[in-house]
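Worksheet: one structure, shown below.
Throughout, read-outs are computed from the coordinates displayed, never taken from laboratory work. Keep in mind the model is a prediction, meaning the values are calculated, not measured. Every residue, glycine among them, receives a Cβ derived from its backbone with ideal geometry; neighbour counts consider all protein chains shown.
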Amino acid sequence: MDIINYLKEHENKDMLRFLTCGSVDDGKSTLIGRMLYDSKMIFDDQLSAAESESKKYGTTGEKIDMALLVDGLQSEREQGITIDVAYRFFATENRKFIIADTPGHEQYTRNMVTGASTADVAIILIDARKGILTQTRRHSFIVSLLGIEHVIVAINKMDLVDFSEEVYKEISLAYGELAKELGIKNTYYIPVSALDGDNVVDKSNHTPWFDGKPLLGLLDSMDIAKEQKEEDFRFPVQYVNRPNLNFRGFCGTIAAGRVKIGDDITVLPSGKTTKVKSIINAGDITEANREAGTKEAYAPMAVTITTEDEVDISRGDMIVHTNSLPRVSNNLKVMLVWMDEKPMTLGRTYDIKRATSVVSGSFEHINYKIDVNTYERTQIDTLELNDIASCKMVLTRPIASDAYKENRLTGSFIVVDRITNNTVGAGMIVGVSRRDEDIAKRIDKHYTDAERALNRYIRENFPEWECKVV
Amino acid sequence: MLNQERLTHLKQLEAESIHILREVAAEFTNPVMMYSVGKDSSVMLHLAMKAFAPSKLPFPLLHVDTLWKFKEMIAFRDQRAKDLGFDLIVHSNPEGIDMNISPFEHGSKVHTDIMKTQALKQALNAGGYDAVIGGARRDEEKSRAKERIFSFRDKHHRWDPKNQRPELWNVYNTAIEKGESVRVFPISNWTELDVWQYIYLEDIPIPSLYFAKEHDVVEYEGTKIMVDDDRMPEALRKTAKKEMVRFRTLGCYPLTGAINSTATTLPEIIKEMLLSTSSEREGRVIDKDQEGAMELKKIEGYF
């Protein structure tokens, strides 16, 4: 193939990020090694290094141990397990892939949550001999919690069950039930043997009854575009660029939706309004043209916006369309994943970083803790490492907030310990939990006395409606 | 395959990197960008120029000069600084200069430690930088695959691979105490192929050493190296032959392996890369010192 044409084609490649979930024995590293190896992206010298290391630590006898191609740190290599999140890359004709490789044992839920946070697709490995295990339920729960919409169930070690269609069907059926329970939107099932490469890159001769695509073919072709709904424009202001008195640009990455010159915009939480004067798409900038403008931009472009009026805008603010305001509140209902050895303390002040804003706040109440294995809810008042719970979070300042399921980038936050500076938790906004802070709504509308009286009457007599204060 | 609303993989990577660079400028008081003059540095510089346009770069570039870099790299570096108008800081280890450290005489391990790792620490301590932007990519080496984009370093610039901060979504924890710092890797998620494709697509200037040309080369410790000056021992220099070679990475000339090649254009380089069977770091002598060499170097503070 002509290289120039090749390059043209590859300029238009898409990108897909996926997460692999499975425990040490599921053959996860072997599966990844196999994908990298078979897609010819393992370079020769890395391979020869793996050959000499196999002799020292290998667990597969004479064959090259695929897992050694992907297990990174020296100390881990000796233990024969992966203990952290690692990112790997390969490409096909259509897509560049980023794999988040995370461990499967319970004490490392934290790592899986981390890997899942950026993934579009999850591959869940199930040992064909064992079927759905506790860890499968755990992985699936985290995948659904982190909002991954596509799950590929790789039923592995099919060679050890004689490539039985029955086993495959049984596991697929059982997983379908689990996916339904968790609200996972799209599931795909593939019978594989990672060790021998069946249905990983090429279709296996051992599974004539399987009419689906092999794993790589599926990853290469699956549609991961979000449903075509009109998304609300969300622009967390990241950096104010002011080279001279005539230019004041607000830089950031568009988290959702699109924006064009002349759009009416509101700055939150202040509520000030103005119009978009100009847009620079950073990607269009060249050495020769340092002010290349564009009429319109959309997520996830990194852009710089200037406004018609001199409005006070700073890092941490959110610019949105005036006709689609999010809720603004300092009182949020969240799902919190605790990631630190030191338990979470109710009422203690933490720094909450959401998009580009850092606001101090605390967790005032734990509604319930959810068991990642059984999905049972329990009442507790402290969160330990790897606990996941529904909490009430109170911030010292209100922020414009979207629910995580509506917007992954404006609905998520990390919790930073103010003394150790560690990232001790990660959270997802479920909703606004108190009504009286709803500034955005207030700017929007003025109520008559009669409307206010009606509102009060409803609140006092029908509290179960959870009516907002106006 | 692609609908109009999805950016191509290179545009997604570009946007992600720009987001990271802006986060550094916004959150740290005294950041610096490492500039090694190579292709990855060239891409980072290009991204930074985009991120802060129409302003100049809000941070200086730091080049740790081991004094054994290819001559062309130094000329190229100074020309870029002039053309783009960024602040350039160059540091060499004065103790190393006094000791007259030479990779030929002292070996790659000692040379790298004194002229690179120690020099880097000196420069970082002198500058008091709280964020140090580097061009490392996760596909380069296995231990890099696990490093965070915002990677915490203690007061001694040490990396603790077992105790890294969780990194979720595109929300980066930038909190540190005085004296501590963060190494930031904006092109973590790029592969070697991505870098070359982007250079091609965006027409980014890179040193001509990446392109095949006839050079004087000698065999040295199993690697083919270029005769760049007469500090190379004479006995070795005498064995020089003219060959068509190019470099896949650029560093200290005695430690950077040349490969035989006829690729004189970017598409030819990319083609060669796609067909090649050895990975990029193969040309670097230092990684071969011992198994897990990079991990040890990183713990010690090497980039």
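Quick check for me: using +1 on Lys/Arg Cβ and -1 on Asp/Glu Cβ, what's the dipole size of segment A:141-217 about its Cα centre, in debye to the nearest 20?
On the way: 6 positive and 12 negative charges, 63 e Å.
Using Cβ point charges on Lys, Arg, Asp and Glu, segment A:141-217 gives about 300 debye.
Taken about its Cα centre, chain B carries a charge dipole of about 220 debye when Lys and Arg each add +1 at the Cβ and Asp and Glu each add -1 at the Cβ. For trypsin sites (Lys or Arg not before Pro), the sites in segment B:122-198 that DSSP calls loop and that have at most 10 other Cβ atoms within 10 Å are B:LYS162, B:LYS178. Which FRET efficiency value, to the nearest 0.05, is calculated for A:GLU310 and A:ASN455 with the Förster distance at 35 angstrom and r the Cβ-Cβ distance? After rounding, the FRET efficiency stands at 0.45. Label positions at A:ARG348 and A:ARG377, each projected 7 Å from the Cα along the C-beta direction, are separated by 2.6 nm. Net charge in the neighbourhood of A:GLU11 (other residues with Cβ under 14 Å of its Cβ; Lys, Arg +1, Asp, Glu -1) is -1. Which part of segment A:345-380 falls in the paramagnetic zone of A:ARG418, meaning amide N under 20 Å from the point 7 Å along Cα-to-beta-carbon? Residues passing the 20 Å test: A:345-366. Taking all Cα-Cα distances within segment A:327-437, those exceeding 23 Å account for 20%.
Grab the DSSP H runs of chain A that are 4 residues or longer, score each as -39,500 (n - 2.57), total them, divide by all residues and round the 222 nm result to the nearest 500 deg cm²/dmol. Intermediate values should be presented prior to the final figure.
Values: 11 runs with 109 residues, N = 470.
Computed ellipticity for chain A at 222 nm equals -7000 deg cm²/dmol.
Of the residues B:MET34, B:GLN118, B:PHE59, the one whose Cα sits farthest toward the positive end of the charge dipole of chain B, with +1 on the Cβ of Lys and Arg and -1 on the Cβ of Asp and Glu, is B:PHE59. Ordering A:SER412, B:ILE259, B:ASN100 by Cα displacement along the dipole of the protein assembly as shown toward the positive end leaves A:SER412 in first place; charges were set at the Cβ atoms of Lys, Arg (+1) and Asp, Glu (-1).
3J(HN,Hα) along segment B:222-228, derived from phi through the Karplus expression 6.51 cos²θ - 1.76 cosθ + 1.60 where θ = phi - 60°, amounts to x, 10, 8, 10, 8, 7, 9 Hz, with x in place of Gly and Pro.
The dipole here belongs to segment B:181-259: it is taken about the Cα centre, uses +1 on the Cβ of Lys and Arg and -1 on the Cβ of Asp and Glu, and is about 160 debye. Sequence-ordered 3J(HN,Hα) estimates for segment A:288-304 from the Karplus curve with 6.51, -1.76 and 1.60 and θ = phi - 60° stand at 7, 10, 8, 10, 4, x, 9, 7, 8, 9, 8, 5, x, 5, 9, 10, 10 Hz, glycine and proline given as x. Under the simplified labelling scheme, the A:TYR368-A:VAL469 pair shows an inter-label distance of 2.8 nm, with each label point 7 Å from Cα along Cα→Cβ.
First check a/c for the protein assembly as shown, with a ≥ b ≥ c the square roots of the eigenvalues of its C-alpha gyration tensor; if it is under 1.5, answer rounded, and if not, answer prolate when a/b is larger than b/c or oblate otherwise.
On the way: a/c = 1.80, a/b = 1.28, b/c = 1.41.
Oblate is the answer for the protein assembly as shown, as a/c is 1.5 or above yet b/c matches or exceeds a/b.
Residues whose amide H falls under 5 Å from that of B:ASP65, counting only those 5 or more places apart or on a different chain, are B:HIS91, B:SER92, with hydrogens built in the peptide plane.
Counted by Cβ distance under 10 Å from A:MET222, the other residues give a net charge of -1, where Lys and Arg count +1 and Asp and Glu count -1. Scanning chain A for long hydrophobic helices, with DSSP H runs required to stretch 24 angstrom or more by C-alpha along their axis and to average at least -0.5 on the Kyte-Doolittle scale, returns A:165-182. Checking the cross-link pairs A:LYS13/B:LYS224; B:LYS56/B:LYS82; A:LYS96/A:LYS130; B:LYS50/B:LYS162; A:LYS277/A:LYS333; A:LYS96/B:LYS162 against a 24 Å limit on the alpha carbon distance flags A:LYS13/B:LYS224; A:LYS96/A:LYS130; B:LYS50/B:LYS162; A:LYS277/A:LYS333; A:LYS96/B:LYS162 as lying beyond it.
Could you pull out the longest piece of chain B with no exposed loop GluC sites (Glu not before Pro) in it, calling a site exposed if DSSP puts it outside H, G, I, E, B and it has at most 15 other Cβ atoms within 10 Å? Don't jump to the answer; show the numbers that get you there.
Values: sites that count: B:GLU5, B:GLU177, B:GLU180, B:GLU221, B:GLU291.
In short, B:6-176.
For the pair A:ASP223 and B:PHE211, what calculated FRET efficiency results from E = 1/(1 + (r/R0)^6), where r is the Cβ-Cβ distance and R0 = 41 Å, to the nearest 0.05? Intermediate values should be presented prior to the final figure.
Details: r = 40 Å, r/R0 = 0.99.
Efficiency for this residue pair is about 0.50.
Among the lysines of segment A:348-470, pairs that are 8 or more positions apart or on different chains and have alpha carbons within less than 18 Å of each other number 6.
Peptide packing for A:423-430, B:62-69 was compared via the average number of neighbouring C-beta atoms within 10 Å per residue; ordered from the highest value, the list is A:423-430, B:62-69. Considering only A:ALA154, A:TRP338, A:VAL359, the residue lying farthest towards the positive end of the dipole of the protein assembly as shown is A:VAL359, judged by Cα position with unit charges set on Cβ.
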